[in-house]
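Undergrad: Here you go, one structure.
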Amino acid sequence: MPAVGIATGGSKKAYPGNLTLYVTVTCMVAATGGLIFGYDIGISGGVTSMDSFLEKFLPSVFRKKHQKETTNQYCQYDSESLTLFTSSLYLAALLSSLVASTVTRRFGRKLSMLFGGMLFCSGAIVNAAAKNVLMLILGRLLLGFGLGFANQSVPLYLSEMAPYKYRGALNIGFQLSITVGILIANVLNFFFAKIKGGWGWRLSLGGAVVPALIITVGALVLPDTPNSMIERGRHDEARHQLKRIRGTDDIDEEFNDLVTASVASNQVENSWTNLLNQKYRPHLTMAILIPFFQQLTGINVILFYAPVLFSTIGFGSEAALTSAIAVAAAIGAKFGVDGDPGRLPRWYAIVVVLFICIYVAGFAWSWGPLGWLVPSEIFPLEIRSAAQSVNVSVNMFFTFVIAQVFLVMLCHLKFGLFLFFAFFVLLMSIFVAVFLPETKGIPIEEMNEVWKTHWYWKRFVHDNHLDDGERVEMVRGGGF
């Protein structure tokens, strides 16, 4: 029975259990996996606004910035090397998330988190010691490999450990950690940029070692999820673990459903091929469109290039770093289409920053956390690792694309770029209102019921479309 009275197609499951201190601390530690994502987002934008970094690695951008080689402010940071530095990480994350799917399923969620932390740590060391652009890119690739593993495993871990009544609150800790990582990175950038000698960027990039070590050590001490233990045949350990994290001995119903789902999962020879089955069409659609829309909010434009953007609209380097904690009409009205605003009034720049802060706040309680939460809780066990890899891969692919083309698009579309993002925000809002069912308060073992009662998706997952064997798998094993 769902905690908030949502119709679930006849499901009457209401597993006993409490929000124990043990599971709370466990989820808090696991959620720190988001720190590495957030720290990198904040750091990469900050160092690319530091003159010492630009002069050493991106001299063409440095010249355009200081020697006025262009009067078009929109094109000041248009550089293939700069976009490659930013976006290479996400291409690597895309590739590693595919490998992480197999590791996560066969060896457990915590081992995947461990790999993520170790790879991210090695990338941070290479970047801090970088002598040329190639070393920077190598470091970014290592960071990306680590990020792919962490983003694959952490949301799944949180959804599986949390009691269904508190799953949303605990899973959103991942997004909170991302936000904290961004904040810490921008604060550090601000102070490191003041270091005389121009080597503060090395501290900024090398500082990624700290969040990497946190998730690495955390992965060593965290327990694995009961779902993962059962999936690998460790039933006695899983039963003991389930009792501990639920704070009750009355776990037979939930445990039996986990075992049933695992049996159905093991009968699936290839989870990637299975993803294409008609009954998983709603899940696959969401695994693709949710991360696609999340990136087309334009959030990473602000997070990656906030210091660059604020510098472009008239802030000095120091003020640009400060403002990056944080559009079309204000920028367009002042910059026009030639990108030469003259001297930007301080009040005008403050208004632009205010609107950007409102925009970021809106993202932080909507597409930010829910873009990771919803996909992590709607996949049945038999396709969960593969579907989560699709989710992460699509997210990383479009993050890569936007990071790669944003500065070029800004140069050519000018303020119209922000109208482009505004259009997709409207489109995705309509999509969610019409096609995404509510999942709050639904046990993940029963999540498939929400698709059966949805006005559109029920045509794909309804029992009438399944044979007897598939019907058992959907009812008993679906919705992890």
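The values are calculated or read from the model by the stated rules, or taken from the named source; none is laboratory data. All values reported here derive from a predicted model rather than from experimental measurement. Here Cβ is always computed from backbone atoms with ideal geometry, including for glycine, and neighbour counts include all displayed protein chains. Surface accessibility is based on the protein's heavy atoms, side chains included, excluding ligands, DNA and RNA. Shrake-Rupley method; radii C 1.70, N 1.55, O 1.52, S 1.80 Å.
Undergrad: Whole number in Å², please: accessible area per residue of the range 95-233, 1.4 Å probe, ligands, DNA and RNA not counted. Please list the in-between numbers first.
TA: Values: 4980 Å² over 139 residues.
About 36 Å² of surface per residue is accessible.
Undergrad: Full extension from VAL263 to ARG63: what is 0.36 nm times the residue separation minus their Cα-Cα distance, to one decimal in nm? Before the final figure, lay out the partial values.
TA: Values: separation 200, 0.36 × 200 = 72.00 nm, distance 6.23 nm.
The VAL263-ARG63 span can extend by a further 65.8 nm.
Undergrad: Can you compute the FRET efficiency between VAL221 and PHE107 using 1/(1 + (r/R0)^6), with r the Cβ-Cβ distance and R0 = 22 Å? Round to the nearest 0.05. Spell out each step's value before the answer.
TA: On the way: r = 17 Å, r/R0 = 0.77.
Efficiency computed from Cβ-Cβ geometry: 0.80.
Undergrad: When the chain is fully extended, how far beyond the present Cα-Cα distance does HIS240 get from VAL99, taking 0.36 nm per residue of separation?
TA: Working: separation 141, 0.36 × 141 = 50.76 nm, distance 2.99 nm.
Contour length minus Cα-Cα distance gives 47.8 nm.
Undergrad: What spacing in nm lies between the two simple spin-label points modelled at ILE125 and LEU419, each 7 Å away from Cα in the Cβ direction?
TA: 5.1
Undergrad: Strictly over 30 Å apart at the Cα level, which of LYS110/LYS131; LYS243/LYS458; LYS56/LYS110; LYS165/LYS452; LYS165/LYS279; LYS110/LYS440 would you flag in this model? Could the numbers behind the result be given before it?
TA: Working: LYS110/LYS131 34 Å; LYS243/LYS458 34 Å; LYS56/LYS110 39 Å; LYS165/LYS452 21 Å; LYS165/LYS279 26 Å; LYS110/LYS440 26 Å.
Checking Cα-Cα distances, LYS110/LYS131; LYS243/LYS458; LYS56/LYS110 exceed 30 Å.
Undergrad: Still on this structure, please answer the following. Could you pull the accessible area for LEU354 with a 1.4 Å probe, rounded to 10 Å²?
TA: It works out to around 100 Å².
Undergrad: Could you state how much accessible area ASP252 has, in square angstrom rounded to the nearest 10, with a 1.4 Å probe and all protein chains kept in place?
TA: Here the residue's solvent-accessible area equals roughly 80 Å².
Undergrad: Going by accessible area, probe 1.4 Å, with all protein chains left in place, what is the ranking of CYS27, CYS357, largest first? Can you show the working numbers first?
TA: Numbers: CYS27 0, CYS357 55 Å².
Largest accessible area first, the list is CYS357, CYS27.
Undergrad: Taking the Cβ-Cβ separation of TRP455 and SER366 as r and a Förster radius of 22 Å, what is the calculated FRET efficiency to the nearest 0.05? Please list the in-between numbers first.
TA: Details: r = 23 Å, r/R0 = 1.04.
Calculated transfer efficiency: 0.45.
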